[in-house]
Amino acid sequence: MIAPLIAFSLLGLVIFYLQNLVFFPYVHLRLLALLLFYVGLRPSLALALALGLALGCLQDSYATTPFGVHLGASLVLVAMARYSRRGLLLQQLGFQALASLVALVVQEVFLQFAAFMLNYQPLFPHDLTAVHAMEILGTAALGPLMHLLVQGVEASLRRLGWRPRSEPMPYQPFGE
């Protein structure tokens with residue numbers, strides 16, 4: 001689990017820096033949430049939880065909200081991914097994009113509720129609801145590309161010799 005955690009954490013760090021330092025004033029997408037959702041669809045729950053903790057702490061350290069708000073939102077997203085993994089036929093990208101849309105909406109409701117409980121803003125402010133809805137729709141539209149990116153990272157890890165625990169190791173006699 002260490003190799004995929006390092007690979008996906010580095011990918012998340014690259015996405016975080018691109019999103020917050022390069023794209024921020026012009027593009028508002030939730031690419032880290034989408035990455036976390038698609039990693040949550042993979043068989044390893046431990047990997048999804050560890051990545052959720054790492055990316056949630058990264059976002060909390062950058063945000064001005066109290067520690068734990070983005071961490072909780074990341075864990076909500078992992079929970080939604082695990083629930084969607086059980087409930088839908090996720091071999092089709094259309095269902096995955098729809099499930100990511102629902103998960104992003106649930107994450108936004110969690111974030112709005114947390115901000116409301118901390119007296120930061122009213123629950124679902126009218127001026128930001130349309131903006132956040134467009135962010136969520138734009139992010140969910142990029143779901144198939146994130147799916148391909150997650151598959152590409154796993155394929156690269158397999159070429160480097162990593163095998164998930166669910167796959168048996170091929171038999172190799174000693175000394176060959």
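The values are calculated or read from the model by the stated rules, or taken from the named source; none is laboratory data. Model, not experiment: these values are computed from the prediction. Cβ coordinates were reconstructed from backbone atoms using ideal geometry, including for glycine residues, and neighbour counts include every protein chain displayed. Just the protein is used for accessible areas: all its heavy atoms, side chains included, with ligands, DNA and RNA removed. Shrake-Rupley method; radii C 1.70, N 1.55, O 1.52, S 1.80 Å.
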May I ask you to verify whether GLY56 is open to solvent by less than 40 Å² (accessible area, probe 1.4 Å), assigned to a helix (DSSP H, G or I) and free of Cβ contacts under 8 Å to residues at least 24 places away in the same chain? yes
TYR62: passes all of (1) touching a residue at least 40 places away in the same chain (Cβ under 8 Å); (2) open to solvent by less than 50 Å² (accessible area, probe 1.4 Å) but (2)
ARG30 is checked against (1) out of contact with any Ser or Thr (no Cβ under 8 Å at 6 or more places or on another chain); (2) under 20 Å from VAL131 (Cα atoms); (3) among the charged types (D, E, K, R) and fails just one. What number does that condition carry? (1)
Going by what's in this entry, would THR139 be described as open to solvent by less than 50 Å² (accessible area, probe 1.4 Å) and either polar (S, T, N, Q) or modelled with pLDDT under 85 (or both)? yes
